[in-house]
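Any read-out appearing in this document is the output of simple, stated calculations on the displayed coordinates, not a laboratory observation. Keep in mind the model is a prediction, meaning the values are calculated, not measured. Heads up, the Cβs are rebuilt from the backbone with ideal geometry, glycines too, and the neighbour counts pull from every protein chain shown.
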Amino acid sequence: MFLARIGGTVVSAVKHPTLEGCRFLIAQRLEADGNVGPEPIVVVDWLGAGRGNSVIVSTDGDIARAKLGNTTPARMVVVGIVDQAQSGETRVGSSA
Amino acid sequence: MRLGIVRGRVVLNPAVASFSGRTFVVLEPVTMENLIAGNGLGGGKSLVAVDELGAADGQMVAFTEGREAANPFWPDSVPVDAYCSLIVDSINIHAKAVSSGSEVGK
């Protein structure tokens, strides 16, 4: 699991059938020093995270498989919206 | 999932039996910098993924990596570790929409 910041939303008409109705967000991985990762990642969200929220993303597909079936390719899932987190001098929170 | 731009296709002959009839695309992962710039560039290290959605050259897809990439073939055991899960129509980021494919940034 890792911390990430939500940057926006993804619109897709053509997708794997198990992903119909899923909400897809663009996230950037947050490092301990406060920097963000260079590549955006697409995550599935069932918690209602929005742009600017800090979240925890799990890379385990078990939750997605339980919800979407054994054949789903979904893997990265928002498993929590961060209220407050601290790493050294770096603080993140959804209100930040 | 990461984002990637379809740059081409791979034809295999021979290949492992479970790859028969599959489409393989070459993907160039997209960096945040290029996504925000909307310049149609990728910037990441290319990889090969299975595509069952019919993604065209220049289109942006989101691809799953790791064990989950083989889930669509369940219960069959297929040695796939990258799979095109969706074709991107648009991305709404930093209050501006970034479109897919060759229209990026226009």
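The Cα-based radius of gyration and maximum Cα-Cα distance (Dmax) for region A:56-96 are 14.0, 42 Å.
List A:67, A:15, B:45 from most exposed to least, where exposure is judged by having the fewest other Cβ atoms within 10 Å.
Working: A:67 14, A:15 22, B:45 8.
Starting with the residue having the fewest Cβ neighbours, the order is B:45, A:67, A:15.
Hey, what's the Kirkwood Rh for chain B if you take every pair of different alpha carbons, in angstrom? Walk me through the intermediate numbers first.
Numbers: mean 1/r = 0.0705 Å⁻¹.
Across chain B, the inverse of the average 1/r is 14.2 Å.
Computed over all pairs of different Cα atoms, the Kirkwood value for the hydrodynamic radius of the protein assembly as shown is 17.2 Å. Between A:71, A:18, A:59, the Gaussian network model of chain A with springs among Cα atoms under 10 angstrom shows the greatest mean-square fluctuation at A:71.
Compactness of chain A is given as radius of gyration and Dmax, 13.6, 44 Å, from Cα positions. Residues A:89, B:28 in ascending order of nearby Cβ atoms (within 10 Å, fewest first): A:89, B:28.
Pairs of Cα atoms under 8 Å, at least six residues apart: use those to get the relative contact order of region B:2-103, whole percent. Write out the running numbers ahead of the final one.
Numbers: 208 pairs, mean separation 27.9, N = 102.
It rounds to 27 percent for region B:2-103.
Counting pairs of alpha carbon atoms under 8 Å apart in space and at least six apart in sequence, what relative contact order in percent does chain A give?
Values: 210 pairs, mean separation 27.8, N = 96.
Relative contact order comes out at 29 percent.
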